[in-house]
Amino acid sequence: MPVLHIPPLMRDLTGGRPQVRVRGQTVGEAIEALDAAYPGTKARLCEGERLAPGLAVAVDGRRAAQGLHTPLGEESEVRFLPAVAGG
Amino acid sequence: MADGLRVVGTRPVPYGAYEKVTGQAVFGADIHLPGMLYGKVLRSPHAHARIRSIDAEAAMALAGVYAVVTAADLPPAPPGAPPRARYARERILASGKALYAGHPVAAVAAADPHTAEEALGLIRVEYEPLPPVLDVLAAMRQGAPLLHEELRTRSLAGLAQEPSNVAQHLRLSKGDPARGLAEADVVVEREFRTATVHQGYLEPHAATAAWDADGDLTVWTCTQGAFDVRSHLAELLGLPLARIRVVPTEIGGGFGGKGRSYLDAVAALLARKAGRPVQVVMARSEVLRATGPTSATVIRLRMGARRDGRLTAAVAELFYEAGAFPGAPIDAGAGCLLAGYDIPHAQVDAYDVLVNKAQTGSYRAPGATQATFATEQVVDELAGQLGMDPLEFRLRNSAHEGAESIEGTLWPPIGCHEVLRAAQAHPHYRAPLGGPHRGRGVALGYWGNWGGSSSCTIAVNSDGTVNLLTGSVDVSGARTSIAMQAAEVLGLALEQVQVTVGDTATAGYADVSAGSRTTFATGLAAIAAAQDVIRQMCERAARLWGVPVGAVTYDRTAFSTRAGSARRLTFRELAARVGEAGGGPVIGRGAVDGDQVGYGGGFGAHIVDVEVDPETGRVRVLRYTAVQDVGRAIHPGQVEGQIKGGVAQGIGWALYEGCQYAPDGSLLNTSLLDYKLPTALDVPVVEPVIVEVPNPNHPFGVRGAGETPIVPAPAAIANAIYHATGVRMQELPMTPAYILQRLGTIEGA
């Protein structure tokens, strides 16, 4: 199952767990599964059906441009990080 | 030429260069329309005040005045819209409260600029002044005056309960920082402050708006992103995107500061109310008072290292001023702070804090220069305490492919190690300093660059020339680097590619020209369009020759069926026979999502020599070498220009620039006489050194070059001043007065 790395400021919702394994074939499905196990997590990560403004996702060490639609492998590692644009 | 490239890597005269140096280029204020009126903006004299009433009756009664607009003329944000929709409106015209000295309150359109100016003086605004808050730490204190009473801190910990001036709190972490610090043999901890600085572009903001009889809007504007301006206008005015045409003019400098729209909606509102075209051009004082400077910051940084020269941990707090509305570049600041180093344990907390100043905007690698000013001084100090060569210390800890960043991503191929090695090998690094009171500083800097979305079309003409059309605004020569990539793929000389920056009604979508993305992402779109042209040309050749499409190849010289075949047509010959072949004109199309393709960040390593006059505190920059990994320099001359320009701005930020505010929040240095930008007398010959570690996700290896060169500059100069004086500099700008304070020659303010 994919591993979601829980951002430090969200670990109050996961009982302090820094990583959670959940089912999901996309980042969006994995967040749904995370929210089912730890209610409230989706509300912090998403705004409607998109990632929250200013938030990006990295899958297996690489920033993923497809956001919630990014496909996941069986052993994928998912991290949430700031979205950055420049001047 | 290496790699068989004929165009990429050469130094042609850039498109538009002759027009610019001969004064023929059309900038924002050069637009003139029949019957055009002139707009002026009334700005709040108070940094923080409730607006009780606005009475424009006397202004409207003045002969020659056609319209006055206030926030009441803007359609309200849709019900349920997020706060940022309201902020977008309040930023353009204040409603309820003025949030900084210079905040637009009303605007006038008149037959001439003088009448418009006179009319501004007739508008009566009743203000209730409120206490302003101008300092980032003061704004965070309990009981500080609140800019937005409803604002609550947003973070991944959820929305805070209590209102605050802190719009966002961000935390990045890896490993166990407490353990890492405990493992260190030496720990350095310092606090740094950087002043509010302006991008300092020479062309003031200018916008001209006209409505046609169908109610469609056209705006000519100097912007880094025509499509962004279109979206902004559509949101504010409640219009469909297709009914707004934004025409980008030539741009006289942007550096991130022209990524935001200030005047376009004001001009549009005035033009609609007056029933005539309206042009609004800012005065220099308005540019400095009311357009996005970059964040003033306070940064606390603690780093530890072992005796063997390995970094063990870093812990940082970043406090960035956002100005009047949320949006300080804390994400990039936090991401770039430690980017150069492979550190096992780290934590960065960053805060986006509102103060009563103009809303901060992007400025060349937004957020990174301030962060690097802190990191590179602490790293330098650690190297000194360990008795190590500063570049060797950095090399021992440098980020590398496969290492994990503090954001949790794994570094792709990067040139961090390579730029440090190139700096170490440069003769400058070992050259004698040649005099007393002189010091040499080095610093490493990083900017992540960006991908974004871009598109291009290429139309083939019957004489073998082509027209390339893109919606990417040419901020700093991108037209040329885009066309060069297309020419390379098409096998044409650059002179055969005519490139046009289109407007939002004629060109396909392109994200704002920012984040050092344009040569990368729009270049990719141009390559895709050129490949599409070749595919179609092969198809036309196949029709002419009556052979399957797969039998035709193009070797960047000619189309043929096989080597030595009599069936052979040059690009020009085939272009002349496209009509004969059937199938219609050849128009290639390219559209890319640069984020998906994979952009590549760029590292730079700077070496600088300075001389510090111990009596006056004056710093002279004697010699400057800037090494940078750009992936591939499509046009090395333009890349070198970017590096030199970035260093020049970095020297200004380091030594001279800083917005000075009175206690009431009004800006004191509102002209370029008082806001000191570096001139040719202040900047030495800068030697750029291009390193090319290709981005594997671009056919030519492009990373982007525009922003990295400013990032290490203030830190490198601060380190040089330290090595000249033995005293660490913890503030920007490092003016003579500040240096004398630090040297103990004079008392601090």
For peptide A:75-84, how many partner chain Cβ atoms fall within 10 Å of a residue's Cβ, on average?
-> 5
Point-to-point label distance, B:Ala234-B:Glu573, nm (Cα→Cβ direction, 7 Å offset) | 4.7 nm
Do the sum for the protein assembly as shown: with -39,500 (n - 2.57) for every DSSP H run of n ≥ 4, divided by all residues, what is the mean residue ellipticity at 222 nm, to the nearest 500 deg cm²/dmol?
-> -7500 deg cm²/dmol
Amide H neighbours of B:Tyr661 under 5 Å, at least 5 residues apart or on other chains, H built in the peptide plane: list them.
-> B:Leu668
Other-chain or far-sequence residues with amide H under 5 Å of B:Ala106's (modelled H) = B:Leu42
Could you state the number of Å between the C-alpha centres of the stretch B:33-80 and the stretch B:664-743?
-> 39 Å
Compute the signed sum of charges (Lys and Arg +1, Asp and Glu -1) over the other residues within less than 14 Å, Cβ to Cβ, of B:His698.
-> -3
Round to a whole angstrom and tell me the spacing of the C-alpha centers of the stretch B:163-191 and the stretch A:10-87.
-> 23 Å
Cβ-based net charge around B:Ala346, under 12 Å, with every Lys or Arg adding one and every Asp or Glu removing one | -1
Express as a percent, rounded to the nearest 5, the fraction of DSSP beta bridges in the protein assembly as shown (both residues included) that run antiparallel.
-> 75 percent
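Roughly what % of DSSP beta bridges within chain B run antiparallel, to the nearest 5? Display every interim value, and only then the final one.
Numbers: 95 of 128 bridges.
Taking every DSSP beta bridge with both residues in chain B, the antiparallel ones total about 75 percent.
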At 7 Å along the Cα-to-beta-carbon direction for both B:Arg6 and B:Ser53, put a label point, then send me their distance in nm to one decimal.
-> 7.5 nm
In nanometres, the difference between 0.36 nm per residue of separation and the alpha-carbon distance of B:Ala425 and B:Val21 is 141.7 nm
Build a GNM of chain A with springs between Cα atoms under 10 Å: which of A:Ala58, A:Ala30, A:Ala43 gets the top mean-square fluctuation?
-> A:Ala43
Accessible-area order (highest first, 1.4 angstrom probe) of the listed residues B:His428, A:His69 = A:His69, B:His428
Kyte-Doolittle mean at least 0.0, axial Cα span of 20 Å or more - DSSP H helices of chain B = B:523-545, B:636-655
For B:Thr519, tell me the accessible area in Å² from a 1.4 Å probe, rounded to the nearest 10.
-> 40 Å²
Added length on full extension, which subtracts the Cα-Cα distance from 0.36 nm per residue, B:Thr500 to B:Arg618 | 37.8 nm
Rg over Rh [alpha-carbon atoms, Kirkwood Rh] for the stretch B:318-456 = 1.03
Say R0 is 56 Å: what FRET efficiency, to the nearest 0.05, do B:His114 and A:Arg62 get from their beta-carbon distance?
-> 0.45
Projected area, mean over directions - the protein assembly as shown, Cα convex hull, nm² = 37.7 nm²
Options B:Ala81, B:Thr115, B:Val702, ranked by Cα towards positive dipole end of chain B, top entry (Cβ charges) | B:Val702
Using a 1.4 Å probe and ignoring any ligands, DNA or RNA, find the accessible area of B:Met140 and quote it in Å² to the nearest 10.
-> 60 Å²
In nm, to one decimal, how far is the A:Glu47 label point from the B:Asp176 one, both placed 7 Å along Cα→Cβ?
-> 3.7 nm
Whole-number D in µm²/s for chain B (Stokes-Einstein; Kirkwood sum over Cα pairs; 37 °C, 0.692 mPa s) = 120 µm²/s
Could you check how much of the accessible area of chain B is carbon and sulfur, as a whole percent, using a 1.4 Å probe?
-> 52 percent
Taking only the alpha-carbon atoms of the stretch A:3-82, the convex hull volume per residue, in cubic angstrom, is 80 Å³
Return an integer: the convex hull volume of the alpha-carbon atoms of the stretch B:1-119, in Å³ per residue.
-> 239 Å³
Which value, in Å² rounded to 10, gives the accessible area of B:Phe255 with a 1.4 Å probe and all protein chains present?
-> 70 Å²
Roughly speaking, what is the centre-to-centre gap between the stretch B:445-460 and the stretch B:567-608 when only Cα atoms are used, to the nearest Å?
-> 13 Å
Determine the percent antiparallel among the DSSP beta bridges restricted to the stretch A:3-82, to the nearest 5.
-> 90 percent
Within straight-line cross-link reach of B:Lys258, aspartates and glutamates at Cα separation under 18 Å, skipping those fewer than 8 residues along the same chain = B:Asp30, B:Glu203, B:Asp228, B:Glu250, B:Glu286, B:Asp474, B:Asp503, B:Asp511, B:Glu707
Would you tally the net charge around B:Thr369, using a Cβ to Cβ cut-off of less than 12 Å, leaving B:Thr369 out, and scoring K and R as +1, D and E as -1?
-> -2
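Order the following by accessible area, largest value first: B:Tyr722, B:Tyr87. Probe radius 1.4 Å; ligands, DNA and RNA are ignored.
Correct descending sequence by accessible area is B:Tyr722, B:Tyr87.
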Rounded to two decimals, the Rg over Rh value of the stretch B:187-227 from Cα coordinates and the Kirkwood Rh reads 1.39
Sort B:Tyr509, B:Tyr341 by accessible area with a 1.4 Å probe, largest first.
-> B:Tyr509, B:Tyr341
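The values are calculated or read from the model by the stated rules, or taken from the named source; none is laboratory data. Every value quoted in this text rests on a predicted model; they were computed, and no experiment measured them. Cβ sites come from the backbone with ideal geometry, for glycine too, and all protein chains shown count toward neighbours. Note: areas computed on protein heavy atoms with side chains; ligands, DNA, RNA excluded. Shrake-Rupley method; radii C 1.70, N 1.55, O 1.52, S 1.80 Å.
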